[in-house]
Amino acid sequence: MFIVFEGIDGAGKTTQINLLADRLRALGLDTYVTAEPTGMPTGRDIRRVLSGELQKTPTQVAAMFVQDRIDHNVDPEHGIEGKLAAGKAVICDRYYYSSLAYQGSLTDFDWVMAANCTCPEIRRPDLCIFLDLSPEESMKRITKGRTSTEIYEKAETLAKFRARYLDVFEKLRARGEKIEIIDASGTIEQGAEKIAAVIEKHFGV
Ligand code: TYD
């Protein structure tokens, strides 16, 4: 069972991932939680780019994410392949859907899609769960005491990324990917119940 969570800022990925992991463990499933960018060398370099410390072109960044994702699949110690082979359920916070939504809008989309989705060492997840939240609701959750202009600009950016995600999901569904879009606007408990229902539908647990 290889499940990926995606969502724009404030959608509650971390909270819901931890709740799902607890639920799966309570059911007796050995569950491994992981995230991208990883804590491995390429992932650490990506963090330096995201913080502005290291300058790279959008195509270089996209390639760094691909490299980090390959390492994340095949690394003998931390790799997803090994965890699955050992019988664990794997839950990952962000995966190639993020690259398609973010890097795909900054460099050539088709190249980003090919690099990720035809790569022999980047496994296709069994299920992607997108926690969907309106950009306005997201801003309410993540902003505290900022000016209205900043909030407006940020909400516009979030709206753009949300639209990119929805577009990417349509393309990937056409390739047979299983993607569930969950309304994350309610309480944490309501979100967790919806996620539990989706997991039951796909995996019977
Ligand atoms: P992170 O600190 O994990 O943020 P979040 O809590 O929002 O997930 O940083 C991840 C950042 O990296 C986030 O801004 C999205 C970006 N990202 C990409 O642009 N492409 C990718 O392929 C991945 C995995 C992440």
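What are the extents of the Cα atoms of the chain along their three principal axes, listed from largest to smallest and rounded to whole Å?
Each principal axis gives a Cα extent; for the chain these are 49, 38, 32 Å.
Per the 1.4 Å probe, what fraction of the accessible area of segment 2-203, in percent, lies on carbon and sulfur atoms?
51
For PHE161, what accessible surface area do you get with a 1.4 Å probe? Give it in Å², rounded to 10.
About 50 Å², rounded to the nearest 10.
Any chance you could check the Cα centroid distance between segment 52-78 and segment 154-181 for me, in angstrom?
Taking the Cα centre of each part, segment 52-78 and segment 154-181 sit 21 Å apart.
If you count only protein heavy atoms and use a 1.4 Å probe, how large is the accessible surface of HIS78, to the nearest 10 Å²?
That residue has around 80 Å² of solvent-accessible surface.
Could you work out the helix-only [θ] at 222 nm for the chain, with each DSSP H run of four or more residues adding -39,500 (n - 2.57) and the total divided by the number of residues, to the nearest 500 deg cm²/dmol?
-17000 deg cm²/dmol
Under a crude label model (7 Å from the Cα following the beta-carbon direction), how far is ASP108 from ALA163 in nanometres?
About 2.4 nm, to one decimal.
Just how many pairs of Lys in segment 35-193 have C-alpha atoms closer than 24 Å, counting pairs that are eight or more places apart or on different chains?
Step by step, the pairs that qualify in segment 35-193 add up to 10.
For PHE130, enumerate residues with amide H under 5 Å from its amide H, sequence gap 5+ or separate chain, H modeled in the peptide plane.
Answer set, sorted by chain and number: GLU6, GLU180, ILE181, ILE182.
Kindly list the residues of segment 169-205 that lie in the label zone of LYS140, defined by a backbone N under 20 Å from the point 7 Å along the Cα-to-C-beta vector.
Under cut-off, by backbone N: 182-194.
State the answer as a single residue: which of ALA63, THR107, ALA192 lies farthest towards the positive end of the charge dipole of the chain, with beta carbon charges of +1 for Lys and Arg and -1 for Asp and Glu, about the Cα centre.
So the residue we want is ALA192.
Whole number in Å², please: accessible area per residue of the chain, 1.4 Å probe, ligands, DNA and RNA not counted.
50
Rounded to the nearest 0.05, what FRET efficiency do ASP126 and GLU189 have when you use their Cβ-Cβ distance and R0 = 30 Å?
0.75
The values are calculated or read from the model by the stated rules, or taken from the named source; none is laboratory data. Keep in mind that this is a model prediction, so the values were computed, not measured. No Cβ is skipped: glycine too gets one built from the backbone with ideal geometry, and neighbour counts run over all protein chains shown. Ligands, DNA and RNA are excluded from the accessible area calculation, which covers all protein heavy atoms including side chains. Shrake-Rupley method; radii C 1.70, N 1.55, O 1.52, S 1.80 Å.
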